[in-house]
2 protein chains.
Amino acid sequence: MFSKSCEYGIRAAVYIASEAHEGHKVGIAEICRHIEAPRHFTAKILQTLSRRNIISSQKGINGGFYLDDSQKKKSIKEIVEAIDGNGLFTGCGLGLKRCSETKPCPIHKQFKEIRRKLTEMMEGKDIGTLAIQLKKGRVVLM
Amino acid sequence: MFSKSCEYGIRAAVYIASEAHEGHKVGIAEICRHIEAPRHFTAKILQTLSRRNIISSQKGINGGFYLDDSQKKKSIKEIVEAIDGNGLFTGCGLGLKRCSETKPCPIHKQFKEIRRKLTEMMEGKDIGTLAIQLKKGRVVLM
DNA sequence: TACATAAAAGATAAAAATGTCTTTTTATCC
DNA sequence: GGATAAAAAGACATTTTTATCTTTTATGTA
């Protein structure tokens, strides 16, 4: 369903939100240890999320990644869109260029409904809430 | 959502079912013209579907692809499984190796629900019915 | 200022997905 | 049996995704 990049991106963002804040940042090595993701590849993904203002980063001593309060309110849909674009939420299920309401593909209607639910689910999950569940031990990242 | 292989596979199967039967088979060139798909790549996909008994093929003069009655009853879920396996219907949404009910990933519950609906939708769509809708002009493949 | 640290950026590389071309096999017709 | 047509199979090429390694830039601290 999601690309590896999105999987790592979401897992990393939730881990960072659960462990870091303005005054205490976490480094890429620690992040990748806790989410079982490849270090350099994940670093690139976090660069993207940082550029898109979904997470924050700081270079130098005591630097690392963290999320501020407004970033913790962002949904995982925003992560997916930042990394892979909105194709998952908009394109035709069978890849037709000219699929539309009047000339629909064979799975148009039902696929649209599923996509709506997927979008809803992704929009309803904000990073901060997932991070809290992680700290409580209700969910895991590996 | 689906791979290109699955998109082409589903489109091709529906087209074949709509135009061919035991006594009148359609060739790969005609198929690809009508679904706007790359010829040789699609040919490979159809080989797979044929081996998996989802479509039928015949070599030689007047040969080509077709579906028998039992094959027309197969669902598009079977096409996806034949081509890409069942990862889309079973794996963890965030790619965790050890995601489970007791140790779930942060989107486990909702993702499971979406996957259930997707599975249901795919199981409910049989190739023959979609082919009929195509013949009636209610749906398109390009 | 010099040094240490950590992310950012750039260069490569490996693997997988997608796409194309050629040859082989098989079935049918004459 | 020979010619022909069409899928099957194999080889190769391209693109995208995933992954790794190295160099650069920014930042805090002594």
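The values are calculated or read from the model by the stated rules, or taken from the named source; none is laboratory data. Small disclaimer: the values here were computed from a predicted structure and weren't measured. Counting neighbours? That spans all protein chains shown, and the Cβs are built from the backbone with ideal geometry, glycine included. Areas reflect the complete protein model, heavy atoms only, side chains present, ligands, DNA and RNA absent. Shrake-Rupley method; radii C 1.70, N 1.55, O 1.52, S 1.80 Å.
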Taking the Cα atoms of chain B alone, what are Rg (to one decimal) and Dmax (as a whole number) in Å? 17.0, 59
Going through A:Lys109/B:Lys25; A:Lys72/A:Lys117; A:Lys74/B:Lys4; B:Lys77/B:Lys112; B:Lys4/B:Lys117; A:Lys73/A:Lys117 one by one, the pairs whose alpha carbons sit over 27 Å apart turn out to be A:Lys109/B:Lys25; A:Lys74/B:Lys4
Mind checking which of B:Cys92, B:Ser50, B:Val80 is farthest towards the positive end of segment B:37-142's charge dipole, using Cβ charges of +1 (Lys, Arg) and -1 (Asp, Glu) about the Cα centre? B:Cys92
Percent carbon-and-sulfur accessible area, the protein assembly as shown, ignoring ligands, DNA and RNA, probe 1.4 Å: 48 percent
Environment charge of B:Arg138, counting only residues whose C-beta is closer than 13 Å and scoring Lys/Arg +1, Asp/Glu -1: +3
So the pair-distance distribution of the protein assembly as shown, from every Cα-Cα distance in 5 Å bins, comes to percents of 1, 6, 12, 15, 14, 12, 10, 9, 8, 6, 4, 2, 1, 0, 0, 0
Result for the protein assembly as shown: accessible area per residue, probe 1.4 angstrom, in square angstrom, of 50 Å²
Answer in debye to the nearest 20: the dipole magnitude of segment B:4-135 about its Cα centre, from +1 Lys/Arg and -1 Asp/Glu charges placed on Cβ, is 480 debye
Between B:Lys97 and A:Arg116, how high is the FRET efficiency from 1/(1 + (r/R0)^6) when r is the Cβ-Cβ distance and R₀ = 30 Å? Nearest 0.05. 0.50
Tilt of helix B:108-123 relative to the longest C-alpha principal axis of chain B, in degrees (0 to 90, nearest 10)? 20 degrees
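Using a Förster distance of 35 Å, how high is the FRET efficiency between A:Lys136 and B:Ser3, based on the Cβ-Cβ distance and rounded to 0.05? Please list the in-between numbers first.
Values: r = 37 Å, r/R0 = 1.05.
Given R0 = 35 Å and the Cβ-Cβ separation, E is 0.40.
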For B:Ser70, what is the net charge nearby, where nearby means another residue's Cβ is under 14 Å from its Cβ and Lys, Arg count +1, Asp, Glu -1? -1
Note on segment B:125-142: residues buried by at least 40 Å² of accessible area once partner chains are added (vs chain on its own, 1.4 Å probe) come out as B:Lys125, B:Val139, B:Val140, B:Met142
Other residues with Cβ under 12 Å from the Cβ of B:Gly27 give, with Lys and Arg +1 and Asp and Glu -1, a net charge of +2
Using 7 Å Cα-to-Cβ label points, what is the B:Ser50/A:Lys109 separation (nm, one decimal)? 3.5 nm
Relative contact order computed over chain A (Cα-Cα under 8 Å; 6+ residues apart), in percent: 30 percent
If you keep only loop residues by DSSP, which trypsin sites (Lys or Arg not before Pro) in segment B:15-63 have at most 12 other Cβ atoms within 10 Å of their Cβ? B:Lys59
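Compute for chains A and B the buried accessible surface, both sides summed, probe 1.4 Å, and express it in Å² to the nearest 100.
Working: alone 8790 and 8780 Å², together 14220 Å².
What A and B bury together is about 3400 Å².
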